[in-house]
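Here is the structure we will look at, set down as structure tokens.
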Amino acid sequence: MAETTIEKAKAVLNAAQQVIILSHERPDGDAIGSLLALTLSLERAGKNVTPVLLEGVPSRFRFLPGADKVTSKIPSNGDLLILVDAADLQRTGFPVETLPRQPDINIDHHPTNTDYADINIVNHKASATTEILFDVIPQFGLEIDTYVATNLMTGLITDTIGFRTDSVTPRTLEIASELISLGAPMAEIYARVLNQRNFVSVQYWGKGLNRLEKENGILWTSLTIEDRKAVGYPGSDDADLVNLLATIEGIQVVMIFIEQIGGKVKVSWRSRPGVDVAAIAFSFGGGGHEQAAGATIEGDMQEVQERVLTATRGIISPSPEESA
């Protein structure tokens, strides 16, 4: 990261007193970990910080230090607006025109990031946004204590699915080691965010598992608003079912279609190395990584499935199992 960019960010952080931090809708562990790590480190420096998530903090992340500080309403006042782990302004879920000001700082690792802020701290090679924050928080003159380290570790673990993705580098593991030294409880975080599921989430998975379809190396399913109501699932996501399905052998691309309120469908893709699903997501107004991407698309479930399946079929070759 260019030194001038970091120095410019440090200067505006030092001058600010009322800081607003946003991340993306349907937040994952990297979004929440980044939001809370930066919030806590800025608070330690005497700043008044408001962390904002459209839908609040999902229940499985509420154990994280600072989770109780998150609100779902953006303050009207603020002299600094920071976005973390959001590839574009639309990803926050809030109408762009309702933001209190032009984003001042954008910290992210998605290849599809549009550099929308005055200061853009974007590293496409980082395994998670929290990996970037581990480096830049001290460069901002801020502290990484045990609570901040815990949030940073959460981002690393979730975005690499327990250090199992191609994005993991020796530097990623070095950072994890240093975070453990700072007191981050890696085993507890791993258990809470990757292994543990509540009963309702597993019931919700059952709805999607009953609809699984497979064709030429593509696996997909859908989850509806009625599915969520039937089991009492409180979120509007897939409860991480997509990552479970991504472990099925012989599959090149996994997709989940999640019906949203207002005539939209959220699509999540996962793929094997060499299959770029970020390009497909970007063509539908979304983004992400080569092997993990998403988009929210207007239309009913059947229409969106047909459009997305057609686009996805175009980027893969039939798997040996399907061709036989």
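Bear in mind that the values in this text are calculations on the coordinates, not laboratory data. Source: prediction; values computed, not measured. Virtual Cβ from ideal backbone geometry, glycine too; neighbours counted across all protein chains shown.
Over all pairs of distinct alpha carbons, what does the Kirkwood formula give as the hydrodynamic radius of region 29-70, in Å?
One over the average 1/r among Cα pairs gives 10.4 Å for region 29-70.
Between ARG307 and VAL12, take the C-beta separation as r, use R0 = 45 Å, and let me know the FRET efficiency to the nearest 0.05.
0.60
Can you tell me the convex hull volume per residue for region 3-194, based on C-alpha atoms, in Å³ to the nearest whole number?
Convex hull of Cα atoms, per residue: 102 Å³.
Pull out the extension gain between LEU209 and ILE180, defined as 0.36 nm times the separation in residues minus the alpha carbon to alpha carbon distance; nm, one decimal.
6.8 nm
At a temperature of 20 °C and a viscosity of 1.002 mPa s, determine how fast region 199-323 diffuses translationally according to Stokes-Einstein, using the Kirkwood radius over alpha-carbon pairs as Rh; express D in µm²/s, rounded to the nearest whole number.
148 µm²/s
In nanometres, what is the gap between the two model label sites at THR169 and ASP115, each 7 Å from Cα along Cα-to-Cβ?
Roughly 1.9 nm, to one decimal.
Please identify the helices of the chain, taking whole runs of DSSP H, that span at least 24 Å along their own axis as judged from the Cα atoms and have a mean Kyte-Doolittle score of -1.0 or higher.
None pass (Cα extent of 24 Å or more, hydropathy at least -1.0).
With a Cα-only, solvent-free Debye model of the chain, what are the log10 I(q)/I(0) values at q = 0.07, 0.08, 0.11 Å⁻¹?
Rounded to two decimals, the profile gives -0.27, -0.35, -0.68.
Going through the cross-link list LYS125/LYS264; LYS47/LYS264; LYS10/LYS264; LYS73/LYS125; LYS229/LYS264, which pairs have a Cα-Cα distance over 29 Å in this structure?
LYS125/LYS264; LYS47/LYS264; LYS10/LYS264; LYS73/LYS125
Between ARG101 and GLU298, what is the label-to-label distance in nm when each label sits 7 Å out along the Cα-to-Cβ direction?
Placing both labels 7 Å beyond Cα along the Cβ direction yields 3.2 nm.
Quick check: net charge around ARG101, other residues with Cβ under 13 Å of its Cβ, Lys/Arg +1 and Asp/Glu -1?
Taking every other residue near ARG101 into account, the sum is -4.
I need the calculated FRET efficiency for the pair ASP145 and GLU226, taking r as the beta carbon distance and R₀ as 45 Å, to the nearest 0.05.
The formula returns an efficiency of 0.50 here.
Expressed in nm², what is the orientationally averaged projection area of the convex hull enclosing the Cα positions of region 175-222?
5.4 nm²
Sorted from largest down, give the three principal axis spans of the alpha carbons of region 68-145, whole angstrom values.
In descending order, the Cα extents are 31, 30, 24 Å.
Estimate the FRET efficiency between THR247 and GLU3 by the formula 1/(1 + (r/R0)^6), using the beta-carbon distance for r and 56 Å for R0, to the nearest 0.05.
0.85
Roughly how many nanometres apart are two label points built 7 Å out from the Cα toward the Cβ at LYS264 and LYS69?
If labels sit at LYS264 and LYS69, their model points lie 2.8 nm apart.
Below 11 angstrom from the Cβ of ALA149, what's the summed charge of the other residues (Lys, Arg +1; Asp, Glu -1)?
-3
Rounded to the nearest 500, what is the chain's calculated 222 nm mean residue ellipticity when only DSSP H runs of at least 4 contribute -39500 (n - 2.57) each, over all residues?
Counting only the DSSP helices, I get -10500 deg cm²/dmol.
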